[in-house]
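Visitor: Structure incoming, see below.
Please treat every number below as a calculation from the coordinates, not as lab data. Since the structure is predicted, the reported quantities are computational estimates derived from the model, not experimental observations. Positions of Cβ are backbone-derived with ideal geometry, glycine not excepted, and every protein chain shown enters the neighbour counts.
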Amino acid sequence: MKRKAIAAALLGAGLITLGSAQAATEIQWWHSMGGALGERVKAIAEKFNASQKDYTVVPVYKGSYPVSMTAAIAAFRAKNPPHIVQVYEVGTATMMAAKGAIVPVAKVMKDSGEKFDPKAYLPTVTGYYTDLKGNMLSLPFNSSTALFYINKDAFKKAGLEPVAPKTWKELRAVAEKLKAAGQACVYTTSWPSWVHVENFSAWHNVPIGTKQNGMGGFDTVFEFNSPLHVRHIQMLADMAKQGLFVYAGRTSQGDAKFAGGECAMFTGSASAIGGIKKAGKVDWSVNFLPYHDDVKGAPQNSIIGGASLWVMAGKPKGDYTGVAKFLGFLSLPETQVEWHTGTGYVPITLAAYEQTRASGFYDKNPGFDMAVKQLTLHNPTANSKGLRFGNFVQIRDIIKEELEAAFSGKKDAKAALDDAVKRGNDTLRKFQAANK
Amino acid sequence: MEKRVVFRSAWLPYLLVAPQIAITVVFFFWPAVQAVWYSFLLQDAFGLKTQFVGLQNFVALFNDPHYLQSFKITALFSVLVAGSGIVISLLLAAMADRVIRGALAYKTLLIWPYAVAPAIAGVLWAFMFAPSIGIVTYALKKMGVDWNWVVNGDQAMLLVVIAAVWNQISYNFLFFLAGLQSIPKSLIEAAAIDGAGPVRRFGSIVLPLLSPTTFFLLVINIVYAFFATFGVIDATTQGGPAGATQILVYKVFYDGVKAGDLGGSSAQSVVLMFIVITLTVIQFRFIERRVQY
């Protein structure tokens with residue numbers, strides 16, 4: 001079905017090219033948005049194509065994030081890259097270091113004279129994709145953050161007030177009561193590294209690595225084996241041992257455990273809201289992430305996850321005007337409001353956020369503004385504006401591996417985090433050497 | 001009694017084998033040479049910058065305790081996959097060989113799993129054993145077994161072994177069945193007349209006569225466990241938890257394809273190439289001598 005649709009889109013684009021006197025230039029857009037999200041992507045492209053005659057954006061679903069990134073790299077090596085490719089946040093440093101393979105978004109906009117004001121964007125969202133000089137390198141497309149969900153029914157069943165605990169200390173106390181009341185799965189999480197290392201660090205305003213979490217240079221080293229990190233992971237490992245925390249897996253497996261009503265508390269992406277609503281099995285609330293209240297400066301603000309759009313180099317010069325027009329179209333408040341309210345991903349501009357709020361959408365859909373609120377809780381610091389580590393695809397898996405060792409009791413938290421830091425640093429050095 | 005065809009022409013024999021040689025060179029030797037060459041390079045993912053680093057990729061590999069651990073895991077995994085794969089399929093073949101009524105149906109059903117791609121086999125088994133929604137998990141929970149392979153390494157290993165073996169049983173079964181059917185009935189009947197029971201007949205006559213087949217399958221199954229199983233692993237555990245199912249070939253695939261580290265991945269595949277060459281030489285020099293053709 002999808003392939004047919006793509007074929008039809010390609011054919012349609014071809015016909016337009018042949019038919020119109022002024023041939024429209026095709027802009028290839030590779031993305032990883034499957035299912036309902038893919039339909040939204042298609043709708044955006046169609047709307048843009050209908051809004052002008054000179055360019056036709058052709059969205060192509062290229063598979064999951066790692067697959068489409070690999071495909072884009074292979075296409076670049078074969079000298080036939082797409083114009084725009086959607087790359088997940090862990091690939092950011094790799095894309096950024098590939099000077100000559102990509103064109104910074106700021107440059108694309110400037111060269112084509114398209115209206116572009118970097119200040120219009122949410123700083124915690126664009127900060128992730130902006131260099132230290134303030135040049136936006138890629139355009140954030142779908143961004144979410146880590147949030148904390150509770151199952152109100154499970155709380156009531158255990159005789160608890162259905163209010164989310166604010167701190168980890170409170171969470172643990174609640175967890176013990178839930179367990180005592182017979183709750184089999186008390187707390188679980190999706191995306192263990194993203195939630196419990198990356199967002200955890202930003203939320204507590206402590207560094208993940210030196211050089212502003214790697215944004216200041218390739219010679220960064222990891223620091224997430226601090227006493228605070230060790231304490232947090234040890235707490236989770238202890239909770240796992242006591243049966244208060246169930247490890248669900250490396251990606252989004254926790255979502256289903258919460259949406260299905262199996263687990264009473266859950267940390268995961270803001271984009272899990274859609275699935276929980278669709279399953280409709282639990283009475284839930286979405287809240288800020290818990291924090292350790294004895295840490296000064298906590299809670300700070302959380303960081304994003306998701307993906308951004310990169311413009312690839314090596315295309316005819318004229319094409320980039322079309323790319324710039326399309327990126328401008330994507331940043332319009334109307335486009336953003338539609339994307340935000342339709343998917344749960346955060347809007348990338350302040351204007352879109354204000355417009356959504358003014359429309360009363362958040363009153364009718366509680367929880368949809370939680371991500372933006374948490375991302376913008378305070379002005380981001382060097383520890384909380386994002387991270388930029390080379391080879392992070394591998395490093396995130398190293399972190400997950402070591403967390404698994406801690407959660408299964410094979411290693412204590414200190415040893416696991418020390419090993420993760422050491423292995424991570426080795427991988428960083430390799431990236432540094434390869435990108436000298 | 002040797003029959004030999006002698007080509008009079010100087011070039012004709014070469015022309016006749018040329019297509020085969022061309023295919024081997026293009027699809028086997030050329031990639032192998034490239035892997036060796038890349039294993040000496042350090043390159044960024046896009047191929048924009050390339051440096052010659054000598055043996056540095058290999059040094060890094062052997063300084064990584066997780067890579068060394070992955071050898072042990074691979075050894076365990078291949079012994080389990082090849083061993084249980086051969087034993088189970090021999091058992092099935094021996095039983096299918098004795099069945100008279102509906103033999104064709106049994107055989108067809110037993111051969112069926114071979115048509116399933118390893119990645120799909122992995123997904124199927126992962127679904128059945130999924131920690132919270134799997135049907136087998138549900139049954140195990142009822143029996144009081146805490147089944148959660150996303151955190152328990154031994155259970156994860158068991159899962160990938162089951163999926164990998166299930167996929168390979170049909171292949172082994174086919175060869176064993178053919179082997180069994182080529183054993184002359186008169187031999188077995190003679191033994192039966194001499195008073196040998198079914199177990200004795202199987203141990204003293206059938207098994208030795210099957211040894212060429214078993215040897216062949218041993219080689220094939222080891223190669224299968226070493227190379228063809230990364231689809232199963234990628235679809236289920238992705239090497240986890242905590243590296244418990246990180247076999248060598250999966251790491252090659254992961255580092256090269258997913259992480260874009262061509263140098264490191266090539267170095268690993270060169271190491272893997274040497275292991276398999278060594279294993280095959282050992283198998284042919286030492287084990288094959290004990291095979292009776």
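Visitor: For A:LYS157, which lysines qualify as cross-link partners when the Cα separation must be under 16 Å and same-chain residues fewer than eight apart are set aside?
Guide: Those lysines meeting the cut-off are A:LYS177, A:LYS179, A:LYS281.
Visitor: Shielding by partners for B:252-261, please: the mean number of other protein chain Cβ atoms within 10 Å of each residue's Cβ. List each step's numbers first, then the result.
Guide: Values: counts 0, 0, 4, 3, 1, 4, 7, 10, 11, 7.
Averaged over the peptide's residues, the number is 5.
Visitor: Around B:VAL150, under 9 Å between beta carbons, what's the net of Lys plus Arg minus Asp minus Glu among the other residues?
Guide: On the way: positive: A:ARG250; negative: A:GLU404.
It works out to a net charge of 0.
Visitor: Right, another one. Please state the equivalent ellipsoid semi-axes for the stretch A:229-284: what are the square roots of 5 times the Cα gyration tensor eigenvalues, largest first, in whole Å?
Guide: Details: eigenvalues 111, 29, 16 Å².
Square roots of five times the eigenvalues give 24, 12, 9 Å.
Visitor: Still on this structure: Counting helices only, and only those DSSP H runs with n ≥ 4, report the 222 nm mean residue ellipticity of chain B as the sum of -39,500 (n - 2.57) divided by its residues, in deg cm²/dmol to the nearest 500.
Guide: Values: 14 runs with 183 residues, N = 293.
Rounded to the nearest 500, the figure is -20000 deg cm²/dmol.
Visitor: Give me the percent of DSSP beta bridges within chain A that run antiparallel, rounded to the nearest 5. Mind dumping the intermediate values first?
Guide: Values: 25 of 43 bridges.
The antiparallel proportion sits near 60 percent.
Visitor: For chain B, what is the per residue volume of the convex hull drawn over the alpha-carbon atoms, in cubic angstrom? Mind dumping the intermediate values first?
Guide: Numbers: hull volume 62.5 nm³, N = 293.
With only Cα atoms used, chain B gives 213 Å³ per residue.
Visitor: Note down the Stokes-Einstein diffusion coefficient of the stretch B:233-293 in µm²/s, whole number, using a Kirkwood radius over alpha carbon pairs, 4 °C, and 1.567 mPa s. Don't skip to the answer; put the middle values down first.
Guide: Values: Rh = 13.3 Å.
Approximately 97 µm²/s, per Stokes-Einstein.
Visitor: How many nm is it between the label spots at A:LYS79 and B:LEU55, if each spot is 7 Å from the Cα in line with the beta carbon?
Guide: So the label points at A:LYS79 and B:LEU55 sit 3.8 nm apart.
Visitor: Work through the residues other than B:ALA60 whose Cβ is under 15 Å from its Cβ and net out their charges, Lys, Arg +1 and Asp, Glu -1. Before the final figure, lay out each step's value.
Guide: Working: positive: A:LYS422, A:ARG423, A:ARG429, A:LYS430, B:LYS251; negative: A:ASP426, B:ASP64, B:ASP255, B:ASP261.
Overall, the nearby charge balance is +1.
Visitor: Right, next: Express in whole angstrom the spacing between the alpha-carbon centres of the stretch B:78-130 and the stretch A:364-436.
Guide: 42
Visitor: Quick check on chain A: what are the equivalent-ellipsoid semi-axes from the Cα gyration tensor, as sqrt(5λ), descending, whole Å? Before the final figure, lay out the partial values.
Guide: Values: eigenvalues 288, 129, 72 Å².
Values for chain A, descending: 38, 25, 19 Å.
Visitor: Would you kindly compute the Cα radius of gyration of the stretch B:1-124 and its largest Cα-Cα separation (Dmax), both in Å?
Guide: In Å, with Rg to one decimal and Dmax whole: 24.3, 67.
Visitor: Using only the Cα atoms of the stretch B:180-287, construct the convex hull and provide its projected area averaged over every direction, in square nanometres to one decimal.
Guide: On the way: hull surface 39.2 nm².
For the stretch B:180-287, averaging the hull's shadow over all directions gives 9.8 nm².
Visitor: Sticking with this one: Please identify, among B:ASP234, B:ASP146, B:ASP255, the residue showing maximal mean-square fluctuation in a Gaussian network model of chain B using a 10 angstrom Cα cutoff.
Guide: It is B:ASP146.
Visitor: Rounded, prolate or oblate: pick one for the stretch B:104-151, where a ≥ b ≥ c are the square roots of the eigenvalues of its C-alpha gyration tensor, a/c under 1.5 means rounded, and failing that, prolate if a/b is larger than b/c, else oblate. If you can, show how the numbers build up before the last one.
Guide: Details: a/c = 4.17, a/b = 1.93, b/c = 2.16.
Oblate, since a/c reaches 1.5 and b/c is not below a/b.
Visitor: Of A:ASN151, A:SER302, A:LEU137, whose Cα points farthest to the positive end of the dipole of chain A (charges on the beta-carbon: +1 Lys, Arg; -1 Asp, Glu; origin at the Cα centre)?
Guide: Of the listed residues, the answer is A:LEU137.
Visitor: Kirkwood Rh and Cα-based Rg: tell me the resulting Rg over Rh for the protein assembly as shown, rounded to two decimals. Before the final figure, lay out each step's value.
Guide: On the way: Rg = 29.3 Å, Rh = 28.7 Å.
Radius of gyration over Kirkwood radius for the protein assembly as shown works out to 1.02.
Visitor: Calculate, in nm to one decimal, what B:PHE7 and B:LEU158 gain on full extension: separation in residues at 0.36 nm each, minus their alpha carbon distance. Display every interim value, and only then the final one.
Guide: Details: separation 151, 0.36 × 151 = 54.36 nm, distance 5.51 nm.
Length gained, B:PHE7 through B:LEU158: 48.8 nm.
Visitor: Right, another one. Testing the spin-label approximation: label points 7 Å from Cα along Cα→Cβ at A:ASP418 and B:MET95. State their distance in nm.
Guide: The modelled label-to-label distance comes out at 5.2 nm.
Visitor: Using a Förster distance of 60 angstrom, determine the FRET efficiency expected from the C-beta separation of A:ALA382 and B:VAL116, and round it to 0.05. Before the final figure, lay out each step's value.
Guide: Working: r = 51 Å, r/R0 = 0.86.
Calculated transfer efficiency: 0.70.
Visitor: Just to be sure I understand: with springs between alpha-carbon atoms less than 10 Å apart, which residue in B:THR245, B:THR24, B:THR137 has the highest mean-square fluctuation in the Gaussian network model of chain B?
Guide: B:THR24
Visitor: Where Lys and Arg each count +1 and Asp and Glu each count -1, what net charge lies around A:VAL311 among other residues with Cβ under 14 Å from its Cβ?
Guide: Values: positive: A:LYS99, A:LYS107, A:LYS110, A:LYS315, A:LYS317, A:LYS325; negative: A:ASP111, A:GLU114, A:ASP319.
Its environment carries a net charge of +3.
Visitor: Another question about this same structure. Over the stretch A:300-397, with a single point scatterer placed on each C-alpha, what log10 of the ratio I(q)/I(0) does the Debye formula yield at q = 0.25 1/Å?
Guide: -1.25
Visitor: Measure of size requested: the Rg and Dmax of the stretch A:252-340, with Cα atoms as the atom set and Å as the unit; please supply both.
Guide: 19.5, 56
Visitor: Continuing with this model, one more query. What share of the DSSP beta bridges in the protein assembly as shown is antiparallel, in percent to the nearest 5?
Guide: Details: 28 of 46 bridges.
That works out to approximately 60 percent antiparallel.
Visitor: Can you show me the helix-derived [θ] at 222 nm for chain A, built from DSSP H runs with n ≥ 4 at -39,500 (n - 2.57) apiece and divided by the number of residues, rounded to the nearest 500.
Guide: Numbers: 20 runs with 204 residues, N = 436.
Counting only the DSSP helices, I get -14000 deg cm²/dmol.
Visitor: Taking the Cα centre of the stretch A:123-199 as origin and charging only Cβ (+1 Lys, Arg; -1 Asp, Glu), how large is the dipole, in debye to the nearest 20? Could the numbers behind the result be given before it?
Guide: Details: 9 positive and 6 negative charges, 63 e Å.
The dipole of the stretch A:123-199 has a size of about 300 debye.
Visitor: Sticking with this one: Describe numerically, in nm with one decimal, the distance between label points set 7 Å from Cα along Cα→Cβ at B:PHE202 and at A:SER252.
Guide: 5.0
Visitor: Oh, and also: Which of these, A:ALA93, A:ALA313, A:ALA184, has the largest mean-square fluctuation under a Gaussian network model of chain A (Cα springs below 10 Å)?
Guide: Comparing A:ALA93, A:ALA313, A:ALA184 in the GNM, the peak value goes to A:ALA184.
Visitor: Could you give the distance between the Cα centres of the stretch B:1-42 and the stretch A:153-211, to the whole Å?
Guide: 62
Visitor: In debye, nearest 20: dipole of chain A around its Cα centre with unit charges on the Cβ of K, R (+) and D, E (-)?
Guide: 600
Visitor: Here's another thing I want to ask about it. Past the 19 angstrom mark, what percentage of all C-alpha to C-alpha distances in the stretch B:70-133 do you count? Don't jump to the answer; show the numbers that get you there.
Guide: Numbers: 1114 of 2016 pairs.
Summing the P(r) of the stretch B:70-133 above 19 Å gives 55 percent of all pairs.
Visitor: Then there's this: Among A:282-289, A:162-169, what's the highest-first ranking by average C-beta atoms within 10 angstrom per residue? Walk me through the intermediate numbers first.
Guide: Numbers: A:282-289: 19.0, A:162-169: 16.9.
Highest mean packing first, the order is A:282-289, A:162-169.
Visitor: Length gain on complete extension for the stretch B:TYR138 to B:ILE275, per 0.36 nm per residue less the alpha carbon to alpha carbon distance?
Guide: 45.3 nm
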